[in-house]
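Quick notes on the structure that follows.
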Amino acid sequence: MTATVVERARRSAPGRLATEAARHGVRAVGAATASLRPGPDLLVVGAKRAGTTSMWEYLRQHPGVLPLYPAAEHLKGLYYFDVHYERGERWYRSHFDTAAWRSRRERELGHPTVAAEASPYYLFHPLAAERARALLPDARVVVLLRDPVERAYSHWKERCRHTETLGFAQALLAEPLRTAGEEERLVVDPTAVSFAHRHQTYVAQGCYSTPLRRWFDAYGRDRVEVVVAEELFARPQSVVDRIWGQMGLPPQPLVDVSAHNSAPSPDMDPAVRRQLRKYFLPETARLEILLGRTLPWPNT
């Protein structure tokens with residue numbers, strides 16, 4: 001059996017190497033022509049586990065929303081303004097179509113096209129908004145906000161499939177120690193990347209008002225569309241039509257309105273839920289003042 005496994009690995013290795021070489025080649029071509037590739041018109045910036053994948057899948061059902069380049073890679077987010085900033089602007093632009101290709105596509109469709117990407121850590125990263133504004137001053141921004149209690153639990157469940165070894169209650173207790181000083185380090189050292197800040201901030205990433213203000217300050221409130229996840233899933237067509245309209249695209253019927261990247265599981269401990277609900281009450285009040293609206297999240 002061992003020999004069979006080894007032989008299969010040998011046979012498949014050239015295929016994997018060829019695939020990697022092709023990817024590098026495509027990216028090299030994209031980087032070499034970066035000056036011909038406009039950046040995205042639309043950024044979906046998070047929050048993590050708040051419906052970003054579903055929003056992306058809904059938006060891209062419109063023929064005017066272009067896939068990232070190359071389309072065969074089925075990319076959603078590039079994480080440039082947070083994790084991969086050191087790769088530089090040419091690398092980032094290499095993922096978008098050329099202006100000539102976009103013009104050709106617009107002639108075929110008879111309406112504008114939109115280049116977009118969706119990276120859910122952008123909302124929370126302390127430098128992402130100002131970096132995005134410096135490179136893409138005319139972009140529009142979509143922010144998704146979800147009940148922070150449910151978002152925290154979903155975030156933890158997602159990490160349990162990868163690196164999290166603590167139970168939910170224990171992970172919440174460990175969060176302050178795990179993440180102490182990490183945001184400050186990211187600000188002081190723009191080349192820094194923080195695993196803890198990105199992946200272990202179950203509570204902090206649900207405190208939306210501060211990061212949302214950063215994006216408001218960078219782009220102005222008129223260019224930042226705030227979508228409540230619960231309302232997106234209740235009325236996906238009307239929400240997505242509104243965003244398409246803001247981008248100059250005509251309405252388009254959604255074919256697939258299912259929730260993407262969801263992970264059903266047992267409910268959280270009721271005692272932990274009550275503690276989180278109490279913790280987030282002041283933050284939700286601040287957020288409602290900032291947005292000038294009532295949010296559809298339980299307050300007890």
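The values are calculated or read from the model by the stated rules, or taken from the named source; none is laboratory data. It should be emphasised that the depicted structure is a prediction, and the values quoted were computed from it without experimental measurement. Heads up, the Cβs are rebuilt from the backbone with ideal geometry, glycines too, and the neighbour counts pull from every protein chain shown.
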Boolean, Glu73 is at pLDDT 95 or above and charged (D, E, K, R): no
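Residue-by-condition table, conditions (1) touching a Ser or Thr at 6+ places or on another chain (Cβ under 9 Å); (2) closer than 29 Å to Val226 by Cβ; (3) of a type outside the set (A, V, I, L, M, F, W, C); (4) surrounded by fewer than 17 Cβ atoms within 10 Å (Cβ to Cβ):
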{"site": "Arg107", "(1), (2), (3), (4)": "no, no, yes, yes"}
{"site": "Arg133", "(1), (2), (3), (4)": "no, yes, yes, no"}
{"site": "Ala139", "(1), (2), (3), (4)": "no, yes, no, no"}
{"site": "Glu158", "(1), (2), (3), (4)": "no, yes, yes, yes"}
Any hit, segment 212-222, residues being closer than 17 Å to Arg146 by Cβ and part of a helix (DSSP H, G or I): yes
So Leu232, is it buried (at least 17 other Cβ atoms within 10 Å of the Cβ) and either assigned to a helix (DSSP H, G or I) or acidic (Asp, Glu) (or both): yes
Boolean, Val272 is part of a helix (DSSP H, G or I), under 19 Å from the mean Cα position of the chain (by Cα) and at negative phi: no
Counted residues, segment 241-269 - those being in contact (Cβ under 8 Å) with a residue 60 or more places away in the chain, on the phi < 0 side of the Ramachandran plot, in contact with a Lys or Arg (Cβ under 9 Å, 6 or more places away or on another chain) and of a type outside the set (Ser, Thr, Tyr): 4
Segment 162-208, subset in contact (Cβ under 8 Å) with a residue 60 or more places away in the chain, of a type outside the set (Val, Ile, Thr) and surrounded by fewer than 16 Cβ atoms within 10 Å (Cβ to Cβ), residue nearest to Val143 (Cα to Cα): Pro190
Residue within segment 249-260 that is within 21 Å of Ala118 (Cα to Cα) and part of a helix (DSSP H, G or I) present: no
